[in-house]
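Q: Mind looking over this structure? Questions follow.
Taken together, the values in this text are just the output of simple stated rules run on the coordinates, not laboratory data. Fair warning: this is a prediction, and the values are worked out from it, not measured in the lab. Cβ sites come from the backbone with ideal geometry, for glycine too, and all protein chains shown count toward neighbours.
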Amino acid sequence: MPALSNTRVLLADRPVNRRVQESDFKIDVTAVPEPGDGEVLLRTLWLSLDPYMRGRMSAARSYAKPVELGEVMTGETVSEVVASRAASLKPGDTVLARAGWQQYAVLPGGEVERIDPQGMPLSYFLGVLGMPGQTAYCALLGVGQPKAGDTVLISAASGAVGQVAGQVAKLKGCRVIGTAGASDKIAYVKETLGFDAAIDYKGKDRDALGAELAELAPKGIDVFFDNVGGVVHDAALANLALHGRVIIVGGISLYDRLETPDTGIRWNRQLLVKRARMEGFLVWDWRHQTGQFRRDVSQWLREGKIRYKEDVADGIAAAPRAFIGLLAGQNRGKQLVRVAAPQS
């Protein structure tokens, strides 16, 4: 193979109870690795940036082990097979892989998934047809179980997960309210995605948000799809409908204090009075639904029933700044890094 270099982004420091900074990352250039028996060499085309990565920067106990200092930042990619010593894959194949923030990676062939785009943009397999889209689809339909006529509240409604969840709820006949943190995001949620209403949460406390929600949902919120936690969570829990369902998908508002116990309001009595249910969601528990999810959402995309926005940064070295922007809500849609164009 010709001599190639591999630019990588490593974790240099842990942001303990503070915001992520560019100095928490280190750009590193090393030789491209060679695949061993049963392995493939992958060239990254697209890198996904997602809020869960903030948790992997912390050593606090969670559902997955943290990235170690000096390791490549974790992340899912759409990649192209450059060289293969795995019988199931050949050069030129396009795959989904957990290759991390780097231009090239070597992984066992059994740990990557070959994809057939069937006319869809490759980037969609990291967004609307990937983990964020499946999170929206499975959390809403599998845990939230909305019924026609239900009122559904989606926080972070313009983000990678929220924009899909809200549109699926509309397809199921629900009244959908979204929250977002900028006027253009509010306009996008209502005018492009077709939500019935949207609230800008910025600068408002629980009582102010709760009053707005009470006006928009006088009979209460039947399904709350919670991507952010914090004050939006508190306002929503105060407005639950009888037998409401709360799906805990993310908590981005809390990520800069992961090492501090979360000691907010206890909502046990509200859950009791409303006979409501609150459940955490991890998409990895729903892998058995991947095929059905992709079939349904692909069909809705082709029919124009789902729209999807992406926010793209260019070059692997742009990943830290784009990720910091994502955590601050600067992205407009699914945050991606375009690393390279396909050669095949």
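Q: State, to one decimal in nm, how far the label point of Ala148 lies from the label point of Leu171, with both points 7 Å from Cα in the Cβ direction.
A: Taking the simple label geometry, Ala148 and Leu171 are separated by 1.6 nm.
Q: R0 = 22 Å: FRET efficiency of Arg295 with Thr192, Cβ-based, nearest 0.05?
A: For R0 = 22 Å, the calculated efficiency reads 0.35.
Q: Same structure again: Express in whole angstrom the spacing between the alpha-carbon centres of the stretch 1-70 and the stretch 318-344.
A: The stretch 1-70 and the stretch 318-344 have Cα centres separated by 14 Å.
Q: Taking a ≥ b ≥ c as the square roots of the Cα gyration tensor eigenvalues, with a/c under 1.5 meaning rounded and otherwise prolate when a/b beats b/c, else oblate, which class fits the stretch 89-141?
A: prolate
Q: Is the shape of the stretch 1-93 rounded, prolate or oblate, going by the alpha carbon gyration tensor and its root eigenvalues a ≥ b ≥ c, with a/c under 1.5 for rounded and a/b larger than b/c for prolate?
A: Prolate, since a/c reaches 1.5 and a/b exceeds b/c.
Q: Here's another thing I want to ask about it. What number, in nm² with one decimal, is the all-direction average of the projected area of the convex hull of the alpha-carbon atoms of the stretch 131-284?
A: 8.6
Q: Next question. Using 0.36 nm times the number of residues separating Arg302 and Leu4, minus their current alpha carbon distance, what extension gain do you get?
A: Extra length available between Arg302 and Leu4 comes to 103.4 nm.
Q: Report the paramagnetic label zone for Asp205: residues of the stretch 217-239 whose backbone N is under 19 Å from a point 7 Å from Cα along the Cα-to-Cβ axis.
A: 230-239
Q: Also, quick follow-up: As an exercise, identify the trypsin sites (Lys or Arg not before Pro) in the stretch 239-344 lying in DSSP coil whose Cβ has no more than 12 other Cβ atoms within 10 Å.
A: Filter output for the stretch 239-344: Arg266, Arg275.
Q: While we're on this one: Please report the antiparallel percentage of DSSP beta bridges with both residues in the chain, rounded to the nearest 5.
A: Among the beta bridges of the chain, antiparallel pairing accounts for roughly 55 percent.
Q: Another one. Can you tally the net charge around Arg302? Count Lys and Arg as +1, Asp and Glu as -1, for every other residue whose Cβ sits under 13 Å from the Cβ of Arg302.
A: Net local charge, Arg302 excluded: +2.
Q: Starting from 0 in steps of 10 Å, tell me what percent of the Cα-Cα pairs of the chain lands in each bin.
A: With 10 Å bins starting at 0, P(r) equals 6, 25, 33, 24, 10, 3, 0.
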